[in-house]
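Please treat every number below as a calculation from the coordinates, not as lab data. Small disclaimer: the values here were computed from a predicted structure and weren't measured. So basically every Cβ, Gly included, is an ideal-geometry build from the backbone, and we count neighbours across all protein chains shown.
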Amino acid sequence: MTFQKHEKEVSAFVQARKIREKITFTRRDVEVEGAIFKILENSCIVEISQEDAKKIGAASTLTVVSHKNYQVADGSTL
């Protein structure tokens, strides 16, 4: 049995995102700034500083953030 591929509409907000674009998000009550590393369908992989990774308890400097949970930072790209 095979399933037909279902095309999902991508929002204008997601289409406008770019690699290395600066974003901000809150995790564990800590305001974090990072740069988009890779854009996925429902989220993006964000590169954050080692200091911020320690503050939020992340295992590495790469973390996944839903498109619903971040804002584009002033200055746009790193």
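Roughly speaking, what is the stretch gain from Q4 to V64, that is 0.36 nm per residue apart minus the C-alpha to C-alpha distance, in nm to one decimal?
Result for the pair: 18.8 nm of gain on full extension.
Which order results if K55, K68 are arranged by neighbouring Cβ count within 10 Å, fewest first?
Listing K55, K68 from fewest to most nearby Cβ atoms yields K68, K55.
Under 13 Å from a point 7 Å along the Cα-to-Cβ line of S11: which residues of segment 49-73 have their amide N that close?
66-72
Tell me which residues come under 5 Å, amide H to amide H, from S43 once H is placed; ignore anything under 5 positions away on its chain.
Sorted by chain and number, the residues that satisfy this are H67.
Using the Karplus curve 6.51 cos²θ - 1.76 cosθ + 1.60 with θ = phi - 60°, work out ³J(HN,Hα) for each residue of segment 59-71 in order, rounded to whole Hz, and write x for Gly and Pro.
My calculation for segment 59-71 gives 6, 8, 8, 10, 9, 9, 10, 5, 4, 6, 10, 9, 10 Hz in order.
Find out how many positive minus negative residues lie around I19, taking Lys and Arg as positive, Asp and Glu as negative, among other residues whose Cβ is under 11 Å from that of I19.
Counting the neighbours of I19, the net charge comes to +2.
What's the exposure ranking of V65, V30, going from fewest to most Cβ atoms within 10 Å?
Least crowded to most crowded, the residues run V30, V65.
Eight or more residues apart or on different chains, and alpha-carbon atoms under 22 Å: count the Lys pairs in segment 18-71 matching that.
Within segment 18-71, the lysine pair count is 9.
Would you work out the relative contact order for the chain, in percent, from Cα pairs under 8 angstrom that are 6 or more residues apart?
31 percent
For Rg and Dmax of the Cα atoms in Å, several values are listed as [x] 14.2, 49; [y] 18.4, 62; [z] 21.1, 54; flag the one computed from this structure.
Read-out taken from this structure: [x].
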